[in-house]
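Accompanying notes for the structure given below.
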Amino acid sequence: MRIGAHVDPTDPLAEAAARDAEAVQFFLADPQGWKAPKPREDAERLRDADVDLYVHAPYVINVATLNNRIRIPSRKLLLGHAAAAAAVGAKGLIVHGGHVNAGDDVAIGFDNWRKTFAYAADSGGFPLPVLIENTAGGDNACARRLDALARLWDALGDYEVGFCLDTCHAHAGGEELLGLVDRIKAITGRIDLIHANNSKGAFNSGQDRHDNLDGGTIDPELVVAVIRAAGAPVIVETPGGVEGQAADIALLRSQLGIGASAA
Ligand SMILES: [Zn+2]
């Protein structure tokens, strides 16, 4: 089981080494911006690395919304990030489930997700797995609670879609972590990646505020149980820089009874 962290994109492999991480996640462009990612000069070095790479799509992407001025550029940006992520050999592109605005019909949001995959299929399909991540907040979210997730997966039908489970988002979003992996797998059939984060916000608070694993409102043993049940790679998106994240990775390895990386 490979464990790593979300890191600064300048030199992800150096960040991995500093944390003794076997995997890293990073952005390929400003997460709050609409700029398409530029080709990376270190693409070959990244592709050849022993470290598993994951790319997180910008937060501004919302392919579900009924607002054309957000949805259409979101699709394009998602495809651009998929191409750029594949070019560095990433194992997956993580994108938030998105939402519709208050008063809008979430059913259209699910169908907009289907159209996103249809749009990608028209240009040959996504070149790497796209992992939809559960989110913490909002009343009109496509992937906050499992009833919505089930409708989303129904809408996506036969398209190849992955899932990224964020433990902070689940807890703050109002889903109990106990038994959660089985409940999700009954819907998605798979969990491709775990974002192992504690939560500063209380259960069902709707707050997306990550904490280190031994802080926050979640019993760390529950996060470990989720990882064990999912058997998926793990990325911590926790505060504290190298020190804080290295401690979180070490805590997980010790709780899971696995040794440090050989890197
Ligand atoms: Zn996350």
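With surrounded by fewer than 16 Cβ atoms within 10 Å (Cβ to Cβ) and in contact (Cβ under 8 Å) with a residue 12 or more places away in the chain as the only criterion, which of ASN62, ASN67 stands out?
Details: ASN62 fails: surrounded by fewer than 16 Cβ atoms within 10 Å (Cβ to Cβ).
Going through ASN62, ASN67 in turn, just one is surrounded by fewer than 16 Cβ atoms within 10 Å (Cβ to Cβ) and in contact (Cβ under 8 Å) with a residue 12 or more places away in the chain: ASN67.
How do the pairs read when you match residues in segment 35-54 that are of a type in the set (D, E, K, R) with residues anywhere that are open to solvent by 70 Å² or more (accessible area, probe 1.4 Å), using Cβ under 6 Å and keeping only pairs 6 or more apart or on different chains?
ASP52/ARG2; ASP52/LYS91
Residues being surrounded by fewer than 24 Cβ atoms within 10 Å (Cβ to Cβ), of a type in the set (S, T, N, Q) and closer than 25 Å to GLY174 by Cα: count how many of those fall in segment 91-134.
Residues in segment 91-134 being surrounded by fewer than 24 Cβ atoms within 10 Å (Cβ to Cβ), of a type in the set (S, T, N, Q) and closer than 25 Å to GLY174 by Cα: 2 in total.
Can you name the residue in segment 207-219 that is free of Cβ contacts under 8 Å to residues at least 40 places away in the same chain and within 15 Å of the ligand (Cβ to nearest atom) and is also least open to solvent (accessible area, probe 1.4 Å) among such residues?
The initial filter retains those residues of segment 207-219 that are free of Cβ contacts under 8 Å to residues at least 40 places away in the same chain, namely 212-215, 219.
Now drop any that are not within 15 Å of the ligand (Cβ to nearest atom), which leaves 212-213.
Numbers: ASN212: 33, LEU213: 3 Å².
Of everything passing the filter in segment 207-219, LEU213 is least open to solvent (accessible area, probe 1.4 Å).
Applying the selection to segment 1-16, what residues are surrounded by 14 or more Cβ atoms within 10 Å (Cβ to Cβ) and either more than 16 Å from the ligand (Cβ to nearest atom) or in a loop (DSSP other than H, G, I, E, B) (or both)?
MET1, ARG2, VAL7, PRO9, ASP11, PRO12, LEU13, GLU15, ALA16
Picking from ASP158, ASP192, which residue would you name as being open to solvent by 10 Å² or more (accessible area, probe 1.4 Å), free of Cβ contacts under 8 Å to residues at least 12 places away in the same chain and within 21 Å of VAL130 (Cα to Cα)? Before you say what the answer is, go through the steps one by one.
Numbers: ASP192 fails: free of Cβ contacts under 8 Å to residues at least 12 places away in the same chain.
That would be ASP158, the only listed residue that is open to solvent by 10 Å² or more (accessible area, probe 1.4 Å), free of Cβ contacts under 8 Å to residues at least 12 places away in the same chain and within 21 Å of VAL130 (Cα to Cα).
When you go through ARG40, ARG47 one by one, which is the residue that is at negative phi, in a loop (DSSP other than H, G, I, E, B), charged (D, E, K, R) and open to solvent by 30 Å² or more (accessible area, probe 1.4 Å)? Before the answer, list the steps.
Working: ARG47 fails: in a loop (DSSP other than H, G, I, E, B).
On inspection, the qualifying residue turns out to be ARG40.
What is the residue count in segment 51-62 for residues that are out of contact with any strand residue (DSSP E or B) (no Cβ under 8 Å at 6 or more places or on another chain) and within 13 Å of GLU133 (Cα to Cα)? Outline the logic, then answer.
Within segment 51-62, the first condition is being out of contact with any strand residue (DSSP E or B) (no Cβ under 8 Å at 6 or more places or on another chain), and the residues that meet it are 58, 60.
Those still in the list that are within 13 Å of GLU133 (Cα to Cα) too: 58.
Count: 1.
Can you name the condition, by its number, that LYS35 falls short on among (1) part of a loop (DSSP other than H, G, I, E, B); (2) open to solvent by less than 50 Å² (accessible area, probe 1.4 Å)?
Exception for LYS35: condition (2).
Identify, by number, the condition in (1) under 13 Å from PRO12 (Cα atoms); (2) buried (at least 22 other Cβ atoms within 10 Å of the Cβ); (3) among the aliphatic types (A, V, I, L, M); (4) away from the ligand (no atom under 16 Å from the Cβ) that LEU77 doesn't meet.
(1)
Among the residues of segment 227-245, which ones are among the β-branched types (Val, Ile, Thr), in contact with a helix residue (DSSP H, G or I) (Cβ under 9 Å, 6 or more places away or on another chain) and within 13 Å of the ligand (Cβ to nearest atom)?
Result: VAL234, VAL236, THR238.
Take the conditions without any contact (Cβ under 8 Å) to a residue 40 or more places away in the chain, open to solvent by 10 Å² or more (accessible area, probe 1.4 Å) and not acidic (Asp, Glu) and apply them to GLY257. Does it pass?
Working: without any contact (Cβ under 8 Å) to a residue 40 or more places away in the chain: yes; open to solvent by 10 Å² or more (accessible area, probe 1.4 Å): yes; not acidic (Asp, Glu): yes.
Answer is yes for this residue.
The values are calculated or read from the model by the stated rules, or taken from the named source; none is laboratory data. The model shown is predicted, which means the values in this text are computed figures rather than measured ones. Neighbour counts are summed over all protein chains in view; Cβ atoms, including those assigned to glycine, are modelled from backbone coordinates with ideal geometry. The accessibility values were calculated without ligands, DNA or RNA, using every heavy atom of the protein model including side chains. Shrake-Rupley method; radii C 1.70, N 1.55, O 1.52, S 1.80 Å.
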